[in-house]
Amino acid sequence: MNPTDMITTIPAGIIIIALLYQMLYRLTPLNAKQTGFVVSLLALAIYFPIALLYWPGADVIAMNVTVFFMVLYMMGMFFSHREHQVKAGDTSGKWFHWGPAIIIGFFATILIVDGVFVTVSKEGLPGALQSIVLPEAQDAKHVKTLFPGVSYNHYQKKETLYNEYLRQQEELQRRGWKVRQGWLGKTPKAKQSAIFQFVVMDESGKKVQGLNVKGRFMRASDSHFDKEFVMKEIKSGIYQVAISLPLAGLWNLNLKLTDGNKHFELRGSTTIGG
């Protein structure tokens, strides 16, 4: 289990924060607010190195930190109120007030709902719950309720990569290279090994030799099934790889060619039979 999963960090964080707060408040001369400030620094000093090492995502980090500070706020409010009661000579022991309780309840509800969404997106629904909320599938072993894809928002980097891809295509056109790629024989079926072949010919029709060719078959619906491969030059200018893809349907293809210090990227798609 990833040590930064919310199922682990939130309960553990609440327990550690509560213990640290109690220890510092009772064993040091710090008041409630000072104790909360010190414990908040300690909590961040413990959590952030772990989060940076395993990086669960900014949304998960934000939710964890929010929960930690909410717990500290609640404890600080409780102990600070008790301090005021002691100073005022109030022995009623009443500490609850509906105003702060509503605020805390509102944000706690938001955090719980968001936490459920994030957990389901990463782990999927539990089997028992999935059978209740989803209709029965004909091929249940392929039904997934998690979200394995990537939301790619680094627009500047994406634009740079696309511009580089366009430059590579222009270089291929200047060289006059023609590419042929595909499966040998019939359309391959899922879970069955098939030969994928790649050939590049120059403008004179001669096969281009000595290329370094590698690539990846990508499943758009679930990146966990992506498969990387390296092709071998079995004959002069003919590159092949034997590969088996686990699922039927549409697969995207990304090929990367290296010719000396020049790099080229090719994209395509293929369909695998059932």
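Summary of computed values
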read-out	value
Close pairs from region 250-267: first closer than 15 Å to Met231 by Cβ, partner assigned to a loop (DSSP other than H, G, I, E, B), Cβ under 8 Å, at least 6 apart	Leu257/Leu211; Thr258/Leu211; Asp259/Val208; Asp259/Gly210; Asp259/Leu211
Filtered residues of region 172-185 (kept if surrounded by fewer than 14 Cβ atoms within 10 Å (Cβ to Cβ) and touching a strand residue (DSSP E or B) at 6+ places or on another chain (Cβ under 8 Å))	Lys178, Arg180, Gly182, Leu184, Gly185
Failed condition for Thr28, given (1) modelled with pLDDT of 90 or more; (2) within 24 Å of Phe117 (Cβ to Cβ)	(2)
Any hit, region 212-221, residues being touching a helix residue (DSSP H, G or I) at 6+ places or on another chain (Cβ under 9 Å), part of a strand (DSSP E or B) and either at negative phi or of a type in the set (S, T, N, Q) (or both)	yes
Whichever residue in region 196-211 is hydrophobic (A, V, I, L, M, F, W, C) and farther than 15 Å from Gly273 by Cβ and, among such residues, is surrounded by the most Cβ atoms within 10 Å (Cβ to Cβ)	Val200
In region 170-187, the residues that are in contact (Cβ under 8 Å) with a residue 24 or more places away in the chain, in a helix (DSSP H, G or I) and among the polar types (S, T, N, Q)	none
Enumeration of residues in region 50-80 that are over 18 Å from Ala12 (Cα atoms) and surrounded by 17 or more Cβ atoms within 10 Å (Cβ to Cβ)	Gly76, Met77, Phe79
Residues within region 195-216 that are among the charged types (D, E, K, R) and closer than 13 Å to Glu233 by Cα, tallied	2
Among (1) of a type outside the set (A, V, I, L, M); (2) farther than 30 Å from Met23 by Cβ; (3) modelled with pLDDT under 70; (4) in a helix (DSSP H, G or I) - the single one Pro135 does not satisfy	(4)
Residue, farthest from Gln169 (Cα to Cα), within region 235-245, restricted to residues that are in contact with a Lys or Arg (Cβ under 9 Å, 6 or more places away or on another chain) and exposed (fewer than 13 other Cβ atoms within 10 Å of the Cβ)	Lys235
Unique match (being of a type outside the set (D, E, K, R) and outside any helix (DSSP H, G or I)) among Leu30, Leu42, Leu53	Leu30
Some residue of region 5-16 being surrounded by 13 or more Cβ atoms within 10 Å (Cβ to Cβ), modelled with pLDDT of 85 or more, more than 19 Å from the chain's Cα centre (by Cα) and not small (Gly, Ala, Ser)	yes
Candidate set from region 192-218 (those that are among the β-branched types (Val, Ile, Thr) and more than 13 Å from Arg180 (Cα to Cα)); member that is farthest from the chain's Cα centre (by Cα)	Ile195
Failed item, numbered, when Ser193 is tested on (1) hydroxyl-bearing (Ser, Thr, Tyr); (2) at pLDDT 85 or above; (3) within 30 Å of Asp59 (Cα to Cα)	(3)
Subset of region 21-49 (residues that are under 36 Å from the mean Cα position of the chain (by Cα), crowded, with 16+ Cβ neighbours inside 10 Å, closer than 14 Å to Ser80 by Cα and not small (Gly, Ala, Ser))	Tyr21, Thr35
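The values are calculated or read from the model by the stated rules, or taken from the named source; none is laboratory data. Note that this is a predicted model, so its numbers are computed, not measured. As a convention, Cβ positions derive from the backbone with ideal geometry for all residues, glycine included, and neighbour counts pool all protein chains shown.
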